[in-house]
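Coordinate-derived values only; no laboratory data. Predicted model, so just to flag it, every value in this text is computed and none were measured. Methodologically, a virtual Cβ is constructed for each residue, glycine included, from the backbone with ideal geometry; neighbour enumeration extends over all protein chains shown.
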């Protein structure tokens, strides 16, 4: 069973899901870019987490912090 977790990074609260196991092996699963529909609930991310869970791994998946306004400004600057 996955536990809902929250942790802080650079002053921002990050939400995630942690699947515990008795094994000493673990994996961090990241998602596609948020502009392309990526988040920790993405079907591919969930499928990867399920397979690792079936093999007894500890797994962590989380949502990157994302601010569309900041990203848009950064992309505009790069384009210039």
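The set of residues in the stretch 25-41 being exposed (fewer than 14 other Cβ atoms within 10 Å of the Cβ), touching a strand residue (DSSP E or B) at 6+ places or on another chain (Cβ under 8 Å) and over 12 Å from residue 62 (Cα atoms) consists of 25 alone. Of all residues in the stretch 23-44, those satisfying the criterion of being more than 17 Å from residue 2 (Cα to Cα) and not in a loop (DSSP other than H, G, I, E, B) are 34, 35, 36. Here is the figure for the stretch 43-62: residues that are within 14 Å of the chain's Cα centre (by Cα) and buried (at least 17 other Cβ atoms within 10 Å of the Cβ) total 7.
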